[in-house]
Amino acid sequence: FSFRKLWAFTGPGFLMSIAYLDPGNIESDLQSGAVAGFKLLWVLMLATTIGLLLQRLAARLGVVTGLHLAEVCHRQYQKVPRIILWLMVELAIIGSDMQEVIGSAIAINLLSVGRIPLWGGVIITIADTFVFLFLDKYGLRKLEAFFGFLITIMALTFGYEYITVKPDQEKLLKGLFIPYCQNCGTSQLEQAVGIVGAVIMPHNMYLHSALVKSRQVNRANKKEVREANKYFFIESCIALFVSFIINIFVVTVFAEAFFEKTNADVNSVCTNASSPHSSLFPNNNQTLEVDIYKGGVVLGCYFGPAALYIWAIGILAAGQSSTMTGTYSGQFVMEGFLNLRWSRFARVLLTRSIAITPTLLVAIFQDVEHLTGMNDFLNVLMSLQLPFALIPVLTFTSLPSVMNDFANGL
């Protein structure tokens, strides 16, 4: 084992792990905590572990074949199934990107104290395209360093909320290691399914299989291939462990502070804190429902304005980083499935526009306070698209004709 070699292979796994920290994941986390307390932490851990195993297979495919998943699909499938598969993956990317862009727009709205409307925040996030192109011009390592910086911001901001709220550590450990959900009903089951859909992103397997190609590996040398697979797997473990800890921060903050709270409870605290958002929570005994926007508001009511703004900064970092990895995924998928050889600017502009257009329409016609239903729908969409990524990656990594001596026996 060599730390120097690990450092040389470090980068693709952290870019891949961004998908485990996008605003859709954060919203799933906070709703899980508010609805089920600490009881679904084991589902989060299980989903992350399964995600790691799938990401490992995707990375192995890229390392061994020198082709990413979309390129292998282009070679192995006939035209009709290939086009259907491409459309399904594009649908998943658009759905994921809508969550990410709206998450960024909500963060901008919170940071501007409502002065910048949701549609204004969406337009601002279009600048991601130009930031992406600017950084990409200076090489992938610079881009990887930038994503590392954004992950650090998320760890610090959500870690601050965790330290402020001080969740019960005994309940945390019990929720992680006891796969049971006492007194749970339909809403808790929905959250459990939502966690799986939010954590395991279909297009992320296409992305990871492409990113590992950025490292030079002599594929004629089996020892080098094995070494690359080993270091990419170690890096993926570290990256997903970091993302898992950040997700735990969010779940446990809302589990500790807002589990079984009613609208009346929050309304009373927000009114006493002179919050301008008290009207968000009607004075009734219905169980509190939170999303990214309301989550920031209730944190501000209970723990002061600093908690609200730090939360918004974390969401903004999550949204900005994940929109750029979504753009990268769209680029690789379109290039692989359709064998297009466009300029990078044209590809990025097209994939970005495909996701921005429906998001902008939603932002114009939908109030910032009523977006929970749409995010839940998009998480379901992710779950439905999952087989269209799982079947190819599981199939190809088990075929000796594709993987040679590195075929997955299981």
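The values are calculated or read from the model by the stated rules, or taken from the named source; none is laboratory data. None of the values given here were measured: they were computed from a predicted structure. Please note: Cβ atoms are built from the backbone with ideal geometry, for glycine as well, and neighbour counts cover all protein chains shown. Ligands, DNA and RNA are excluded from the accessible area calculation, which covers all protein heavy atoms including side chains. Shrake-Rupley method; radii C 1.70, N 1.55, O 1.52, S 1.80 Å.
Annotations
- Positive-end extreme of charge dipole, the stretch 3-406 - chosen from P387, G121, T164 (charges on Cβ): P387
- Ordering of 62-71, 380-389 by packing [mean C-beta count within 10 Å, highest first]: 62-71, 380-389
- Gain upon complete extension [V269, N284; 0.36 nm per residue less C-alpha separation]: 4.0 nm
- Over the stretch 59-142, relative contact order from alpha-carbon pairs under 8 Å, at least 6 apart, %: 15 percent
- Distant-in-sequence amide H partners of T262 (H built 1.01 Å from N, under 5 Å): L288
- Between T152 and S398, the modelled label-to-label distance comes to 4.2 nm, taking each label 7 Å out from Cα in the direction of the beta carbon.
- In the stretch 3-406, taking the dipole from charged Cβ atoms about the Cα centre, the farthest positive-side position among V193, Q286, Q320 is held by Q320.
- Taking Q55, Q182, Q331 as the candidate residues, the one with maximal mean-square fluctuation in a Gaussian network model of the chain, Cα springs under 10 Å, is Q182.
- FRET efficiency for the pair L338 and F3, taken as 1/(1 + (r/R0)^6) with r the Cβ-Cβ distance and R0 = 60 Å, rounds to 0.90.
- With DNA, RNA and ligands ignored, accessible area of S401 (1.4 Å probe; Å², nearest 10): 100 Å²
- The chain: DSSP helices with Cα axial extent of at least 27 Å and average Kyte-Doolittle hydropathy no lower than 1.0: 41-65, 79-111, 140-165, 344-365
- When both the stretch 233-291 and the stretch 25-48 are represented by their alpha-carbon centers, they are found 11 Å apart.
- Rg(Cα) / (2.2 N^0.38 Å) computed for the chain, rounded to two decimals: 0.97
- The listed peptides 281-290, 85-94, 197-206, ordered by packing as a protection proxy, come out as 197-206, 85-94, 281-290 (highest mean of other Cβ atoms within 10 Å first).
- Distance-filtered residues of the stretch 287-326 - backbone nitrogen under 14 Å, label point 7 angstrom along D168 Cα→Cβ: none
- Each peptide in 170-178, 316-324, 254-262 was scored by the mean count of other Cβ atoms within 10 Å over its residues; highest first, the order is 316-324, 254-262, 170-178.
- Accessible surface of the stretch 3-406 [probe 1.4 Å, protein heavy atoms]: carbon and sulfur percent: 64 percent
- Cβ-defined net charge surrounding I245, 15 Å radius [Lys, Arg +1; Asp, Glu -1]: -2
- 30 Å Cα-Cα threshold exceeded, pairs from K142/K171; K5/K137; K79/K213; K39/K294: K142/K171
- Solvent-accessible ranking of R75, R219, largest area first, probe 1.4 Å: R75, R219
- If you plug the beta carbon distance of D405 and S112 into 1/(1 + (r/R0)^6) with R0 = 41 Å, you get a FRET efficiency near 0.15.
- Taking the charge dipole of the stretch 3-406 about its Cα centre, with +1 at Lys and Arg Cβ atoms and -1 at Asp and Glu Cβ atoms, the residue from M45, C184, N375 reaching farthest to the positive side is M45.
- Relative contact order computed over the chain (Cα-Cα under 8 Å; 6+ residues apart), in percent: 39 percent
- Each residue, C184 and I234, gets one label point 7 Å from its Cα in the Cβ direction; the gap between the two is 3.6 nm.
- Residues W311, W7, sorted by accessible area with the largest first, give W7, W311 [1.4 Å probe; ligands and nucleic acids excluded].
- Rolling a 1.4 Å probe over the protein heavy atoms gives the stretch 3-406 an accessible area of 41 Å² per residue.
- Accessible surface ranking that places the most exposed of E335, E100, E190 first, with a 1.4 angstrom probe: E190, E335, E100
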